[in-house]
Amino acid sequence: MTRLVIDPVTRIEGHLRIEAEVDSGLVKKAWASGTMFRGLELILKGRDPRDAWYFVQRICSVCTAVHAIASVRAVENALGITIPENAQLIRNLIEAMQYIHDHVMHFYHLHALDWVDVTSALNADPKKTSQLQESISDWPRSNPRYFQDVKDRLETFVDSGQLGIFANGYWGHPAYKLPPEADLLAVAHYINALDWQKSVSRFIAILGGRHPCPNFLVGGMATAINPDSDQALNASRLILMKELLQEAQDFVEKVYFPDVLAIASFYPEWTKLGEGLGNFLACGDFQLDGPKVDDSRRVGSSTTRRDPVDKAGNMFFPSGVIWNRKIEEVKKFNQEQITEYVSRSWYTYSDGSTDAKHPFDGETNPKYTGPKPPYDFLTVDEKYSWIKSPRYDGKPVEVGPLARVLVAYGMGQKQITDLVDKSIRQLGVGKEALFSTLGRTLARAIETVALMDEIWGWYNKFVVNIGAGDYTTANTEKWEPSTWPAEAQGVGFVDAPRGALGHWIKIKNGKIDHYQMVVPTTWNASPPDPSGQIGAYEASLVGTPVVDADKPIEVLRTIHSFDPCIACAVHVHDAGKKKIKSAGIMP
Amino acid sequence: MGSQTFDKNVEAVFESVGVTRRDFMKFCGAMAAILGLPPVFASRIANAIEREIPFAGEKRPSVLWLNLQSCTGCTESFTRSDHPSIAEAVLTMISLDYHETLLAASGKSACQACESAMEENRGKYILVVEGAVPVSDDGTFCTIAGKSGVEYLKNMSEKAAFVIALGTCASYGGLPAAKPNPTAAQSVDEFVSPKTVVRIPGCPPIGDVLMATIVHFLFFGKLPALDSENRPQFAYGKYIHEQCRRHYHFENAEMVLGFNDDEYRGGYCLFPLGCKGAFTKNACSVMRWNMGTAWCVGSGHPCVGCSEKDFWDKFTPIYSLVEGRNPK
Ligand code: SF4
Ligand code: SF4
């Protein structure tokens with residue numbers, strides 16, 4: 001039995017540590033620990049609810065839009081604010097482009113080196129790489145001279161002896177299976193994707209002022225539209241947005257998606273490894289029918305409000321829950337069923353209870369009880385992480401691209417269904433292949449392609465609105481706190497690139513009284529609950545082969561397939577003094 | 001650039017790494033702008049480089065990047081920088097020897113890469129730190145490889161040539177240090193004396209400002225001029241407000257009072273909506289973000305003052321005026 005420790009886990013956001021027991025070359029048991037804590041919810045208490053988005057946006061600036069959107073939605077939900085259609089469209093445009101940006105970067109810069117041996121690219125025949133490129137898409141950069149040039153640059157780089165970010169990688173590991181020509185193709189696209197991402201991020205900057213960390217606003221968006229001004233969004237900005245959309249789409253369809261399929265085809269065994277729980281949750285996102293926030297969603301003193309994301313059928317990514325791989329039986333998602341345990345995390349509940357709490361009733365205090373640094377191993381039989389244990393209906397679930405794609409598939413969402421069927425046919429595998437490490441990676445690419453198509457509709461609608469003279473981006477009727485009820489509570493959901501995200505807020509006398517978040521990586525990276533049910537990361541690692549414990553590339557493949565974001569996963573709930581019945585939030 | 005490609009003929013050198021003459025001149029122009037020099041300096045920079053490329057044929061300077069209590073926004077912003085692009089910088093100008101977000105190796109192999117880079121470049125590498133440093137509870141609010149973040153910082157800064165505190169968290173404590181500062185988070189300079197700490201604040205900072213600072217060091221062999229808070233003068237020399245295109249509206253008292261007003265769409269001054277541009281030193285209104293595409297006020301949101309010390313407490317609520325302070 002070998003004790004494996006991976007700390008730091010690199011090519012992720014934040015500070016993650018994996019410990020695992022390896023026996024006869026297989027992982028028997030694994031523990032995932034988040035090792036950084038900031039305490040954002042404590043910092044939020046007593047502040048202006050209209051500021052909350054700016055604070056929580058810094059939970060993580062990789063998926064830089066999603067916490068801000070969840071936050072403004074929660075505040076709008078609490079105060080009964082309806083946002084203008086343009087604002088809804090701008091949020092969709094920003095969030096969709098964020099997905100596309102994030103997923104492509106994840107694949108090339110965070111995940112690809114698990115499958116691609118950079119040094120092996122030096123043995124490639126550029127002519128064959130060119131043929132490979134031409135066989136998978138009509139991407140114009142396919143000339144043998146181009147790949148020769150990339151190879152030359154790589155050679156110069158490697159010969160310099162300064163390998164930088166590629167130093168000490170697991171190069172030459174037998175787990176790498178790509179032919180050198182495919183490695184060279186991937187290295188070229190790794191570099192192309194770096195340039196591509198900086199360019200397409202301009203799309204978000206036009207609307208939000210900058211990227212990362214674009215600006216949002218409670219009640220709409222702080223995006224000035226005025227076709228007759230050079231200081232606002234005008235026709236020249238709109239055409240630039242269109243060009244950037246095209247640039248994004250070309251890369252997604254001609255490079256990213258074909259690359260995922262091509263690389264996956266060399267690793268068929270990874271469609272059988274890394275499944276995990278078999279339980280999936282999607283909270284849904286991208287409203288399709290405009291921002292018709294009806295009065296039944298009002299909060300405050302009203303108790304007849306409906307959950308803002310519970311209108312299944314009107315979102316591009318539908319919400320739903322799947323148990324035990326039963327894709328054909330998607331259950332309705334109900335946020336009331338979300339609770340969190342802290343029994344194995346470095347927090348305590350003040351009532352000493354080990355029961356789970358709904359985010360509206362929850363409270364947590366940080367209390368580190370792990371080993372004093374420097375340490376070799378965590379005390380994994382006790383508390384061992386800053387990440388808590390959210391459960392749905394008492395059970396662990398996986399969230400993220402795979403959950404969304406499976407829920408959409410189960411509900412017959414056409415774009416997703418078509419793409420899934422096409423991809424598995426091309427790979428020559430069945431649907432069960434989706435329940436795997438590569439299934440997650442493939443699902444991420446599938447939803448990127450689907451969104452890339454859908455985003456044009458929002459863009460066109462936006463242009464039509466502006467053409468019709470609608471420049472409104474904000475509803476300011478309830479901007480002043482004097483218009484707010486003394487007490488209000490609300491919830492905002494975003495199905496973020498990494499999965500279902502919820503923010504819960506209680507507002508009292510114009511100030512934040514209570515703020516809580518249940519975050520994608522918290523779902524996936526959670527430690528066990530009191531009944532011993534483990535989370536998705538830990539479950540997915542059991543049975544993973546490890547050829548060389550010093551080079552645990554296999555473990556990284558599965559962990560990276562989730563696209564961890566640890567800064568997101570770690571947070572603390574503030575102790576809301578007054579309980580407002582969460583029944584008010586029932587759908 | 002490896003030594004074998006070293007050539008005094010700059011075009012050959014640049015061509016060997018796929019940079020055309022046009023790209024090169026564009027780069028020099030951008031550098032001149034970033035460094036706050038008039039356009040005529042573009043050709044002078046080009047000449048200077050052509051005469052002698054300080055980093056050609058030599059070892060690329062080693063850059064080590066430590067991520068502490070951060071949101072990775074500084075890294076994200078760094079990867080958005082335009083000139084040089086991240087790909088160009090990492091492949092041909094610097095050797096990014098440790099950066100957890102990008103490093104191929106994990107765990108033990110990553111730690112080894114870090115240690116050998118520190119040894120081989122002892123006294124010469126640039127340490128970039130992103131995020132604040134939590135000190136309460138023995139530093140257990142941020143650990144890497146079982147060691148506290150504070151330990152990591154002390155160890156990595158000891159052998160560095162100098163330290164860049166990137167972003168408002170590393171520069172001043174930032175968000176983790178906002179009231180009530182639950183983890184006793186502090187700024188980087190508290191732990192690394194006597195090393196010089198260059199502050200590049202911003203939440204996040206503009207990626208190009210970091211690039212320009214590094215490039216300045218590569219070209220001229222020294223740091224750019226710093227102000228009293230150790231910020232590069234070329235980027236933090238002026239208040240946002242002084243160079244804001246809405247400034248003449250400010251002077252004419254043409255103000256925006258609401259996000260849905262005609263004045264808002266007319267590009268009037270955002271001061272009444274809480275704009276902190278008058279109290280904030282940063283390059284946003286001139287350099288702008290994302291390849292010069294946009295910036296906060298330009299798109300319609302007030303400047304929050306994200307590069308100023310304690311802005312999380314001092315400049316909030318965001319949409320309110322700062323008590324007792326009036327813009328010039
Ligand atoms: S207050 Fe803000 S919007 Fe007004 S001129 Fe100054 S920086 Fe520009
Ligand atoms: S304009 Fe102000 S808030 Fe925006 S990035 Fe610059 S300093 Fe920060």
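Numbers at a glance
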| quantity | calculated |
| --- | --- |
| Residue that is nearest to the chain's Cα centre (by Cα) [pool: residues in segment A:340-356 that are more than 17 Å from B:S136 (Cβ to Cβ) and crowded, with 19+ Cβ neighbours inside 10 Å] | A:E340 |
| Set A:E247, A:E253: member being over 30 Å from A:D470 (Cα atoms) and either within 14 Å of another protein chain (Cβ to nearest Cβ) or not in a strand (DSSP E or B) (or both) | A:E253 |
| Qualifying residues in segment B:272-291 (those that are surrounded by fewer than 23 Cβ atoms within 10 Å (Cβ to Cβ) and more than 10 Å from every other protein chain (Cβ to nearest Cβ)) - the one farthest from ligand 2 (Cβ to nearest atom) | B:P272 |
| Condition check for A:T2: over 24 Å from B:G131 (Cα atoms) and of a type in the set (S, T, Y) | yes |
| Meets criteria (within 14 Å of another protein chain (Cβ to nearest Cβ), of a type in the set (D, E, K, R), within 18 Å of the chain's Cα centre (by Cα) and within 14 Å of ligand 1 (Cβ to nearest atom)) for B:R246 | no |
| Residues within segment B:292-310 that are more than 11 Å from ligand 2 (Cβ to nearest atom), within 24 Å of A:D48 (Cα to Cα) and in contact with a Leu (Cβ under 9 Å, 6 or more places away or on another chain), tallied | 1 |
| When residues of segment B:174-190 are limited to those that are in a loop (DSSP other than H, G, I, E, B), small (G, A, S) and within 11 Å of another protein chain (Cβ to nearest Cβ), the one nearest to the chain's Cα centre (by Cα) | B:G174 |
| Residue match in segment B:230-237 (condition: open to solvent by 20 Å² or more (accessible area, probe 1.4 Å), within 16 Å of ligand 1 (Cβ to nearest atom) and touching a residue at least 12 places away in the same chain (Cβ under 8 Å)) | yes |
| Residue tally, condition among the aromatic types (F, W, Y), assigned to a helix (DSSP H, G or I), closer than 19 Å to A:W171 by Cβ and in contact (Cβ under 8 Å) with a residue 24 or more places away in the chain, over segment A:107-157 | 1 |
| Residue identified as more than 16 Å from ligand 1 (Cβ to nearest atom), more than 10 Å from every other protein chain (Cβ to nearest Cβ), open to solvent by less than 10 Å² (accessible area, probe 1.4 Å) and among the small types (G, A, S) among A:A205, A:A188 | A:A188 |
| Matching residues, segment B:85-110, being more than 8 Å from chain A (Cβ to nearest Cβ) and within 23 Å of A:V555 (Cα to Cα) | B:Y98 |
| All positions within segment B:240-251 that are open to solvent by 40 Å² or more (accessible area, probe 1.4 Å) and away from ligand 2 (no atom under 16 Å from the Cβ) | B:Y248, B:E251 |
| Residue satisfying condition, being in contact with a Gly (Cβ under 9 Å, 6 or more places away or on another chain), surrounded by 24 or more Cβ atoms within 10 Å (Cβ to Cβ), of a type in the set (G, A, S) and modelled with pLDDT under 95, within set A:A74, A:A32, A:A78 | A:A32 |
| Segment A:1-57: number of residues that are under 24 Å from A:D529 (Cβ atoms), part of a strand (DSSP E or B) and hydroxyl-bearing (S, T, Y) | 1 |
| Verdict on B:V304 being within 24 Å of B:E263 (Cβ to Cβ), surrounded by 21 or more Cβ atoms within 10 Å (Cβ to Cβ) and more than 10 Å from ligand 1 (Cβ to nearest atom) | yes |
| Single residue of segment A:209-229 satisfying the filter (away from ligand 2 (no atom under 16 Å from the Cβ) and facing chain B (nearest Cβ under 8 Å)) that is farthest from A:N77 (Cα to Cα) | A:S229 |
| Those residues of segment A:532-550 which are in contact (Cβ under 8 Å) with a residue 60 or more places away in the chain, within 16 Å of A:T339 (Cα to Cα), of a type outside the set (A, V, I, L, M, F, W, C) and open to solvent by 10 Å² or more (accessible area, probe 1.4 Å), in sequence order | A:Q533 |
| Selection status of B:E254, closer than 28 Å to A:L240 by Cβ, more than 9 Å from every other protein chain (Cβ to nearest Cβ) and either more than 10 Å from ligand 2 (Cβ to nearest atom) or touching an Asp or Glu at 6+ places or on another chain (Cβ under 7 Å) (or both) | yes |
| Single match in B:G221, B:G202, B:G277 (criterion: out of contact with any Asp or Glu (no Cβ under 7 Å at 6 or more places or on another chain), in contact (Cβ under 8 Å) with a residue 24 or more places away in the chain and within 9 Å of ligand 1 (Cβ to nearest atom)) | B:G277 |
| Residues that are open to solvent by less than 10 Å² (accessible area, probe 1.4 Å) and more than 10 Å from chain B (Cβ to nearest Cβ), drawn from segment A:143-172 | A:F147 |
| Contacts under 7 angstrom Cβ, first residue in segment A:218-235 being without any contact (Cβ under 8 Å) to a residue 24 or more places away in the chain, partner in a strand (DSSP E or B), 6 or more apart | A:A232/A:I225 |
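The values are calculated or read from the model by the stated rules, or taken from the named source; none is laboratory data. Note that this is a predicted model, so its numbers are computed, not measured. Cβ atoms come from the backbone with ideal geometry, glycine included; neighbour counts cover every protein chain shown. Please note that ligands, DNA and RNA were not included when accessible areas were found on the heavy atoms of the full protein model with its side chains. Shrake-Rupley method; radii C 1.70, N 1.55, O 1.52, S 1.80 Å.
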